[in-house]
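The values are calculated or read from the model by the stated rules, or taken from the named source; none is laboratory data. Keep in mind that this is a model prediction, so the values were computed, not measured. Backbone-built Cβ (ideal geometry, glycine too); neighbour counts: all protein chains shown.
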Amino acid sequence: MAVITPESGERQLRSELLSAAKALKSHVTNSDKYAAGLSWRKVERVKKNTQINVKNNEADLGKICTDMSGCQLCGLGKTRHNLVFGAGNAQAKVVFVGEAPGADEDEQGMPFVGRAGQLLTKIIEAMGLSRKDVYICNILKCRPPQNRNPLPEEITACEPFLKQQLKSISPRIICALGTFAAKTLLKTEVPISVLRGRFHSYEGIKLMPTYHPAYLLRNPSAKKIVWEDVQLIMKELQN
Ligand code: SF4
């Protein structure tokens, strides 16, 4: 029977502690590798899901656009040159909704490409974004003659298409540009001067009403107010 001396006992204890430390190190290393593998797989899965979502959203928007391409649900279908569906990122966090296409938009079939559109582009760039990051569309998809105000029956006929677009994109924030966009989306008669400057809710999505860029071209002093609204959007995006 082996005699345990204080020296041999200390050696044995040291050896056991060493083995335990090695086992712990190996476990930690393997756990790290396992965790790294897991998080890498998670990143890949999120990336794949994002790619699938982008494709789904683009396909959804494409289908809505195709379905309405020959739309004659209101009188504007007869006078338009091009239907202006909308443009931008199908997964945008921010969607800008204006009133209706103007002459340039009707000509090119693209939203906000005239002078007001150039100002909107500057606003988007001042937010640190580009037009490719956001989505831009209008309440009406066809130009009212001589840029007159949209008629209630035109808005009623066209609004379901906008609803489908917004549902497909599902943005975090909608920026309603001008009276008609704000009143149509919020179903209110409250003037834009009262609505602006704070978030409202559109089907669970935060909605910021602000002045239309065309209004800013006529009233440059209102740019400061719009910038205040835009800053609230930027702050919300950072949360
Ligand atoms: S404005 Fe809308 S509802 Fe009217 S014809 Fe154009 S797409 Fe159709």
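Out of all the residues in region 215-231, which are closer than 17 Å to residue 173 by Cα and surrounded by 17 or more Cβ atoms within 10 Å (Cβ to Cβ)? First the steps, then the outcome.
Residues of region 215-231 closer than 17 Å to residue 173 by Cα: 226-231.
Of everything in region 215-231, those that are closer than 17 Å to residue 173 by Cα and surrounded by 17 or more Cβ atoms within 10 Å (Cβ to Cβ) turn out to be 226, 229, 230.
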(message) Exactly one condition in (1) in a helix (DSSP H, G or I); (2) closer than 17 Å to residue 138 by Cβ is false for residue 232; which is it?
(response) (2)
(request) Inspect all residues belonging to region 140-156 and state whether any of them is over 17 Å from residue 84 (Cα atoms), hydrophobic (A, V, I, L, M, F, W, C) and in contact with a helix residue (DSSP H, G or I) (Cβ under 8 Å, 6 or more places away or on another chain). (result) no
(request) Working only within region 80-89, note down all residues that are near the ligand (Cβ under 9 Å from one of its atoms), of a type outside the set (A, V, I, L, M) and within 21 Å of residue 146 (Cβ to Cβ). (result) 80
(message) So in region 135-179, with the set limited to residues that are more than 16 Å from the ligand (Cβ to nearest atom) and in a helix (DSSP H, G or I), which one is nearest to residue 66 (Cα to Cα)?
(response) 168
(request) Return the pairs, sorted by first residue and then second, in which the second residue is within 16 Å of the ligand (Cβ to nearest atom) and of a type in the set (Ser, Thr, Tyr), the first residue lies in region 124-150 and is farther than 25 Å from residue 223 by Cβ, the beta carbons are less than 6 Å apart, and the residues are 6+ apart or on different chains. (result) 145/79
(request) Can you confirm whether region 112-134 contains a residue that is at pLDDT 95 or above, within 16 Å of the ligand (Cβ to nearest atom) and either of a type outside the set (Asp, Glu) or not in a loop (DSSP other than H, G, I, E, B) (or both)? (result) no
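Would you please name the residue that is nearest to residue 234 (Cα to Cα), looking only at residues in region 190-209 that are basic (Lys, Arg) and assigned to a loop (DSSP other than H, G, I, E, B)?
Of all residues in region 190-209, those basic (Lys, Arg) come to 196, 198, 206.
Among the residues that remain, those that are also assigned to a loop (DSSP other than H, G, I, E, B) are: 196, 198.
Details: 196: 15, 198: 13 Å.
This residue is 198.
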(message) Need pairs with beta-carbon distance below 7 Å; first residue surrounded by fewer than 17 Cβ atoms within 10 Å (Cβ to Cβ) and at pLDDT 95 or above and within region 187-214, second part of a strand (DSSP E or B) and of a type in the set (D, E, K, R); sequence gap 6+ or separate chains.
(response) 199/206
